[in-house]
Amino acid sequence: MNNNLYKNMALWLVIAFIMVFLFNIISGTQGVIKNISYSEFLQSVQKGEVESVIIKQEKLNGQYMDGTQFESYAPNDPELVKMLVENKVKITARPPDKSPWYMQVLISWLPMILLIGVWIFFMRQMQGGGGGGKAFSFGKSKAKLLTQDQQKVTFKDVAGIEEAKEELEEIIEFLKDPHKFQKLGGKIPKGVLLVGPPGTGKTLLAKAVAGEAGVNFFSISGSDFVEMFVGVGASRVRDLFDQGKKHAPCIIFVDEIDAVGRHRGAGLGGGHDEREQTLNQLLVEMDGFESNEGVILIAATNRPDVLDPALLRPGRFDRQVVVPRPDMNGRFEILKVHTSKIPLDPDVELETVAKGTPGFAGAELANLVNEAALLAARRNKDKVDMKDIEDSKDKVTMGKERRSMVIKDSEKENTAYHEAGHAIVAKLVPGADPVHKVSIIPRGMALGVTQQLPEDDRHMYTKEFMEGMLAVLMAGRCAEEVIYGRLSTGAGNDIERATDIARKMVCAWGMSEKMGPLAFGRKDEQVFLGRDFGHTKDYSESTAVMIDEEVKRFVLTGYNNAKDILKNNMGLLHAVTRLLLEKETIDGHEIDALLAKIESGEIDASLLQPIERKSEAKAESAEVKEGEEAQVETV
Ligand code: ADP
Ligand code: ZN
């Protein structure tokens, strides 16, 4: 392939040389020659200033008496020679220029040669001959090849998804020794579909299978097939399989297969669009090759629901392996894999980190470890300690701190009461997730954050939990209202999320007694827009009114619950706010400690009193800027 690259480059170099050469001939620069008009020339001749002239067709070159050179163009003037003779100018006549023979050939044949060259170039690209010049090849697949020795990924690098690994064992066995399986006439699956959210390690897993089996690994993304020109995708699929067979035994990995594998007939405008042709070709190729050729297709997607059913038929992707987000133990294992490559302080408890990162996929955990290592380096440490990890976790989950943002004291106090409200209700409402951290340092778009973390991974939620969540979400606004007796924009995000949750409780989870266990407004299944677009309204107007009422009731109940809790714990609200204003970030245990002190009566009573506000603070009444809403985060 390098050879071809050089050939291409040489071709362009030659062309460039020729261009420069031609340009030089045409513009032919020589000495300083005065360019004069024909009439000027005639005048000079008549005045006797011209010594000699060389006539070459219409072109006149000559010399004045004083030695300066000139040139001019003459019309076909029969009088000219006569006049020159009269004025005693020395005349030389020359035949018209003859360029050397090779230039003439070149000039007359150049366009032809160029055309033929371009034609040959494209023909070769289309046929894909020689396997070269990847950057220009349309019909060729863009698959990247990792040979056995290049890739070192094994199952040891993949953690936390043991079931998926087990399911792929069989594929490895087969790739290692195909004959063992064929002896008994068994058929090996041709394709395995890895299904799971982004970043859970699907690519890694496919690579590890190749690594364990010691075979080549081709990877390509579904979107690489799709090009502007019709037929290109199909030809790339063909090429991919040809390449695969050539390098067998191997694994062909197609990432994001949904880019080509979408339900047929789902494109706007219908009919045979490019994607459909590509998919058809993929199906044809999958039927055409036998897995005993030692080629196994592994594809990954996070949208199995949009795939064309034909892809999932036996003989194609007949195995589906689910690659889920890791649970707490899985996260611990993944963290172990990734921290094994960095120097770790003994104070680091990976269990705690795993516990504090619910919902994190492998890629996010890898990113977290990387961030922590960078942070430790920036802090000039030679080991990564728990603080680095905690800080980068905060950065990843809550957004980067914006310490430079200027916030008025009154706004800060407002935010502190708001977040304290969230935190206290989260502490006291039954069944809610424990408070992990409360902060009034602005991060991202939010002025403050209250973060709750579940004790274990949760896979489902009760109605009580959801009601508690609504109360927690409403608590920020409640606190502002209870303290200041007025509303601010700071609760916009909370309100939006609460409304969404309440609507789902009514419409999707059947948690409203009045509406009953029915689903309202199911997902639209209109094929022509790609199968996942909007909701259909499958209920009557009167039902819509009832739904809206129920949603409102849920949110308002949450609001009232939050208000009751806060009104009964005003002292705590002031105390937590004080602590927040003083420390900016506090964790759940500090609130516990305050609560315990209040119960035992040990607390300094002045801490429970309202915060004395500077007079201006009240007048300004802490408007929170539009768009920069405080938010509560429940993970
Ligand atoms: P996907 O293909 O599912 O989107 P990737 O395989 O590309 O995810 O994962 C990206 C990176 O995240 C990997 O290179 C690896 O560093 C890390 N990672 C993801 N899942 C795991 C896992 N289960 N074990 C170890 N590392 C993981
Ligand atoms: Zn809030």
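Residues of the range 364-417 being in contact (Cβ under 8 Å) with a residue 60 or more places away in the chain and crowded, with 18+ Cβ neighbours inside 10 Å, which ones? Across the range 364-417, the qualifying residues are Glu364, Thr397, Met398, Ser410, Glu411, Lys412, Glu413, Asn414, Thr415, Ala416, Tyr417. Candidates Ile603, Ile586, Ile565: the one that is outside any helix (DSSP H, G or I) and modelled with pLDDT of 90 or more is Ile586.
Checked against (1) in a helix (DSSP H, G or I); (2) modelled with pLDDT under 90; (3) among the charged types (D, E, K, R), Arg531 passes all but condition (1). Of all the residues in the range 196-232, those that are open to solvent by 20 Å² or more (accessible area, probe 1.4 Å), at pLDDT 85 or above and of a type in the set (A, V, I, L, M, F, W, C) number 1. Is it true that some residue in the range 452-461 is over 24 Å from Asn569 (Cα atoms), of a type in the set (A, V, I, L, M, F, W, C) and either outside any helix (DSSP H, G or I) or open to solvent by 40 Å² or more (accessible area, probe 1.4 Å) (or both)? Yes: the range 452-461 contains one or more residues that are over 24 Å from Asn569 (Cα atoms), of a type in the set (A, V, I, L, M, F, W, C) and either outside any helix (DSSP H, G or I) or open to solvent by 40 Å² or more (accessible area, probe 1.4 Å) (or both).
Is it the case that some residue within the range 421-430 is modelled with pLDDT under 85, open to solvent by 20 Å² or more (accessible area, probe 1.4 Å) and either of a type in the set (A, V, I, L, M) or touching a Gly at 6+ places or on another chain (Cβ under 9 Å) (or both)? Within the range 421-430 (the criterion being modelled with pLDDT under 85, open to solvent by 20 Å² or more (accessible area, probe 1.4 Å) and either of a type in the set (A, V, I, L, M) or touching a Gly at 6+ places or on another chain (Cβ under 9 Å) (or both)), the answer is no, since none of the residues qualifies. Going through the range 161-194 one residue at a time, which ones are outside any helix (DSSP H, G or I) and either surrounded by 13 or more Cβ atoms within 10 Å (Cβ to Cβ) or modelled with pLDDT of 85 or more (or both)? Selection gives Ile161, Lys187, Ile188, Pro189, Lys190, Gly191, Val192, Leu193, Leu194. Of all the residues in the range 334-358, those that are surrounded by fewer than 13 Cβ atoms within 10 Å (Cβ to Cβ), under 26 Å from Gln452 (Cβ atoms) and within 13 Å of ligand 1 (Cβ to nearest atom) number 0.
Checking each residue in the range 351-367 for being assigned to a helix (DSSP H, G or I) and within 9 Å of Arg331 (Cα to Cα) picks out Glu351, Val353, Ala354, Lys355, Gly362, Leu365.
Scan the range 60-79 and give yes if some residue there is open to solvent by 60 Å² or more (accessible area, probe 1.4 Å) and of a type in the set (Val, Ile, Thr), otherwise no. For the range 60-79, residues open to solvent by 60 Å² or more (accessible area, probe 1.4 Å) and of a type in the set (Val, Ile, Thr): present.
The values are calculated or read from the model by the stated rules, or taken from the named source; none is laboratory data. This structure is a prediction, so every number in the text was calculated from the model and none was measured. All Cβ positions, even for glycine, are placed from backbone atoms using ideal geometry, and neighbour counts span all protein chains on display. To get the accessible areas, we keep the full protein, side chains included, count just its heavy atoms, and leave off ligands, DNA and RNA. Shrake-Rupley method; radii C 1.70, N 1.55, O 1.52, S 1.80 Å.
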